[in-house]
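Comments concern the structure below.
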Amino acid sequence: MNILLEAFAKSFELVFTLNEDLFEILLLSLKVSGISLLLSCLIGLPLGTFLAIKSFWGKDAFLVLFNTMMGLPPVVVGLIVYLLVSRSGPFGWLGILYTPTAMIIAQMILITPIIVSLTSQIIEEISQEYKSLFASLVVPSHKAIIAYLFDARYSILTVVLAGFGRAISEVGAVIIVGGNIDHLTRVMTTTIALETSKGNLSLALALGIILLSIALTTNFILIRLKIRAKRRMYV
Amino acid sequence: MYKSNKKNLMKLTPIEVIDLSVSLGKDLILDKVSCSIKNNSITVVIGPNGAGKSIFLQTINGLTNIDNGKITFNKIYNNDEIRNKQAMVFQTPTLLRRNVKSNMDFVSNVKNKNGKLIIKNILKRVGLEGYDNKPARLLSGGEKQRLSLARALFIEPSVLLLDEPTANLDPFSLKLIEEIILEESKKGATIILTTHDMAQAKRLASDIIFFNKGKILEQTDANVFFRNPLTKEAKKYINGEILL
């Protein structure tokens with residue numbers, strides 16, 4: 001029990017004294033997760049919208065595939081990316097193994113299916129709701145798509161934050177492709193895993209507290225936005 | 001109060017419906033329906049639930065696929081140009097997840113028609129002045145239907161299709177919507193509306209189309225219809241009896 005209390009005290013000290021190592025790890029985590037989220041959104045939002053509003057042969061197979069990929073085990077993704085970018089792999093010439101770039105790629109593979117699947121469900125629902133109205137008004141496709149995305153903005157924000165949550169809390173893939181190298185690829189989750197195994201619970205716990213704080217803050221913002229949207233019946 | 005603006009309306013009438021059949025899945029909803037909608041008429045489509053009235057309106061608006069038969073507007077088949085001059089008000093209004101003003105702005109954007117002042121005037125006309133920032137889906141049933149009508153009016157339609165526009169509405173909304181229908185008719189629009197309200201049909205209709213089981217049993221002048229309906233089904237319907 002004493003060890004746990006000491007660990008808590010130490011973690012607060014690290015947080016409130018703005019420990020340099022701690023913030024380096026924190027910033028890298030936010031950078032890797034932020035970039036992978038941005039790239040996943042650039043791919044996932046248009047792809048999800050396309051799957052929602054277009055009918056084509058094999059569409060159901062795509063939806064099943066993306067839904068299944070939402071539950072991809074991170075270590076498997078890490079292993080696949082490792083095999084692809086390792087020196088003997090097809091993309092070994094890029095030289096990105098054990099760099100933040102490889103970590104971004106691994107996280108993108110993990111969160112893009114979430115963005116695609118959930119966006120597709122949301123846009124399909126709203127496009128069904130607006131179908132007759134838009135047909136009657138002869139709304140051009142591009143204006144319809146903009147309207148779907150705009151009117152579903154609160155739900156899509158939830159999707160984006162769900163993707164961010166998956167990225168920032170992920171450890172299995174980034175530890176394999178990033179290597180958890182100090183001052184280069186060490187992020188919050190990999191540090192927690194490492195420091196816990198070394199018995200250095202204070203730093204692990206400090207990072208855990210920050211991770212939880214980030215999750216709490218994003219969820220708090222999300223819930224506030226959703227309450228506001230619900231009051232206006234925008235969701 | 002409202003300027004007559006007949007010359008700007010594209011002529012889409014007469015609307016000729018010839019041997020029109022429409023199915024939804026395996027169900028035949030409209031069965032070889034034929035009728036003619038006169039220019040500048042207020043045609044009220046009546047009939048029991050499930051008779052095919054709403055699908056008839058939606059088919060005129062190009063929202064359903066036709067199995068057989070045809071619809072022509074002043075001898076031209078339906079196309080996007082014609083559909084752009086029609087406006088439809090649905091029984092259950094679909095409003096965008098935005099405020100009142102943005103719902104109107106959306107139509108303005110879709111139709112590439114800048115109409116800040118027009119929107120202001122139309123919202124005033126439908127009794128929604130000062131509602132600009134109110135979320136559209138928080139409006140009451142009557143207000144929602146009036147906003148839906150406002151969107152239709154913005155289009156300045158040659159043909160205005162109204163599917164039970166006053167069902168379950170308060171007397172104020174009902175009166176206002178009926179007044180607007182008559183005003184639009186005076187301005188030159190051709191109106192087709194469905195209703196179960198016989199008193200409303202008598203107040204508004206110049207022509208009546210009576211539907212039963214996917215067929216048109218009567219199309220006639222409203223005065224003639226209510227004075228002397230030709231079919232026993234129409235007589236029963238007017239008297240409030242159940243049609244089997």
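Against the definition (touching a strand residue (DSSP E or B) at 6+ places or on another chain (Cβ under 7 Å), within 14 Å of chain A (Cβ to nearest Cβ) and among the hydroxyl-bearing types (Ser, Thr, Tyr)), how does B:Thr13 come out, yes or no? So that I can check it myself, show each step before the final result.
Details: touching a strand residue (DSSP E or B) at 6+ places or on another chain (Cβ under 7 Å): yes; within 14 Å of chain A (Cβ to nearest Cβ): no; among the hydroxyl-bearing types (Ser, Thr, Tyr): yes.
So B:Thr13 fails the test.
If you go through region A:210-235 and keep only what is part of a helix (DSSP H, G or I) and surrounded by 15 or more Cβ atoms within 10 Å (Cβ to Cβ), you end up with A:Ile210, A:Leu211, A:Ile214, A:Ala215, A:Thr218, A:Leu222, A:Leu225, A:Lys226, A:Ala229.
Just to be sure before I move on: is A:Ile111 more than 9 Å from every other protein chain (Cβ to nearest Cβ) and closer than 23 Å to A:Leu65 by Cβ in the structure I sent? Break it down stepwise before answering.
On the way: more than 9 Å from every other protein chain (Cβ to nearest Cβ): yes; closer than 23 Å to A:Leu65 by Cβ: yes.
So A:Ile111 passes the test.
Restricting the first member to region B:11-35 and to residues that are of a type in the set (A, V, I, L, M), and the second to residues that are modelled with pLDDT under 95 and surrounded by fewer than 15 Cβ atoms within 10 Å (Cβ to Cβ), the beta-carbon pairs closer than 6 Å and six or more apart or on different chains are B:Leu12/B:Asn74. If you check A:Ile146 against the conditions, is it among the β-branched types (Val, Ile, Thr) and either in contact with an Asp or Glu (Cβ under 9 Å, 6 or more places away or on another chain) or not in a helix (DSSP H, G or I) (or both)? So A:Ile146 does not fit the description; no.
Look through region A:127-143, keep the residues that are within 8 Å of chain B (Cβ to nearest Cβ) and part of a helix (DSSP H, G or I), and return whichever of them is surrounded by the fewest Cβ atoms within 10 Å (Cβ to Cβ). If you could, list the steps in order and put the result at the bottom.
Step one: filter region A:127-143 for residues within 8 Å of chain B (Cβ to nearest Cβ), giving A:129-130, A:132-133, A:135-140, A:143.
If we keep only those that are part of a helix (DSSP H, G or I) too, we end up with A:129-130, A:132-133, A:135-137, A:143.
Working: A:Glu129: 17, A:Tyr130: 20, A:Ser132: 17, A:Leu133: 21, A:Ala135: 17, A:Ser136: 23, A:Leu137: 23, A:Lys143: 15.
This residue is A:Lys143.
Looking at region B:117-130, can you tell me whether even one residue there is surrounded by fewer than 16 Cβ atoms within 10 Å (Cβ to Cβ) and touching a helix residue (DSSP H, G or I) at 6+ places or on another chain (Cβ under 6 Å)? Yes, region B:117-130 contains a residue that is surrounded by fewer than 16 Cβ atoms within 10 Å (Cβ to Cβ) and touching a helix residue (DSSP H, G or I) at 6+ places or on another chain (Cβ under 6 Å).
Give me a count of the residues in region B:57-75 that are within 20 Å of A:Leu137 (Cβ to Cβ) and either touching a Pro at 6+ places or on another chain (Cβ under 6 Å) or more than 9 Å from chain A (Cβ to nearest Cβ) (or both).
First, the residues of region B:57-75 that are within 20 Å of A:Leu137 (Cβ to Cβ): B:57-65, B:71, B:73.
Checking which are either touching a Pro at 6+ places or on another chain (Cβ under 6 Å) or more than 9 Å from chain A (Cβ to nearest Cβ) (or both) leaves us with B:57, B:59-60, B:64-65, B:71, B:73.
Matching residues across region B:57-75 total 7.
Set side by side, the residues A:Leu205, A:Leu194, A:Leu157 differ, and just one is part of a helix (DSSP H, G or I), touching a Lys or Arg at 6+ places or on another chain (Cβ under 9 Å) and buried (at least 22 other Cβ atoms within 10 Å of the Cβ), which is A:Leu205. Across region A:198-234, the qualifying residues are those that are closer than 13 Å to A:Gly165 by Cβ and β-branched (Val, Ile, Thr), and the one among them that is farthest from the other protein chains (Cβ to nearest Cβ) is A:Ile214.
Let me spell it out: the conditions are (1) of a type in the set (Gly, Ala, Ser); (2) crowded, with 21+ Cβ neighbours inside 10 Å; (3) over 23 Å from A:Gln128 (Cβ atoms), and B:Ser34 meets all of them except one. Which number is the exception? For B:Ser34, the failing item is (2).
Being of a type outside the set (A, V, I, L, M), within 12 Å of another protein chain (Cβ to nearest Cβ) and more than 19 Å from the chain's Cα centre (by Cα) is not true of B:Ser54.
Of A:Thr49, A:Thr68, all but one fail to be outside any loop (DSSP other than H, G, I, E, B) and either among the charged types (D, E, K, R) or out of contact with any Phe, Trp or Tyr (no Cβ under 9 Å at 6 or more places or on another chain) (or both); the exception is A:Thr68.
Residues being within 14 Å of chain A (Cβ to nearest Cβ) and within 21 Å of the chain's Cα centre (by Cα): count how many of those fall in region B:107-120. Before you say what the answer is, go through the steps one by one.
Looking only at region B:107-120, we keep the residues that are within 14 Å of chain A (Cβ to nearest Cβ), and these are B:107-113.
Add one more test, that the residue is within 21 Å of the chain's Cα centre (by Cα), and what stays is B:107-108, B:110-111.
Residues in region B:107-120 being within 14 Å of chain A (Cβ to nearest Cβ) and within 21 Å of the chain's Cα centre (by Cα): 4 in total.
Check region B:121-131 and report whether any residue there is part of a helix (DSSP H, G or I), in contact with a strand residue (DSSP E or B) (Cβ under 9 Å, 6 or more places away or on another chain) and away from every other protein chain (no Cβ under 14 Å). Checking region B:121-131: not a single residue is part of a helix (DSSP H, G or I), in contact with a strand residue (DSSP E or B) (Cβ under 9 Å, 6 or more places away or on another chain) and away from every other protein chain (no Cβ under 14 Å).
For region B:205-232, a residue qualifies if it is in contact (Cβ under 8 Å) with a residue 40 or more places away in the chain and buried (at least 20 other Cβ atoms within 10 Å of the Cβ), and the qualifying residues are B:Ala205, B:Asp207, B:Ile208, B:Ile209, B:Phe210, B:Phe211, B:Asn212, B:Gly214, B:Ile216.
The values are calculated or read from the model by the stated rules, or taken from the named source; none is laboratory data. Just so you know, these numbers come straight off a predicted model, no measurement behind them. Note: ideal-geometry Cβ built from the backbone for every residue, glycine included; neighbour counts use all protein chains shown.
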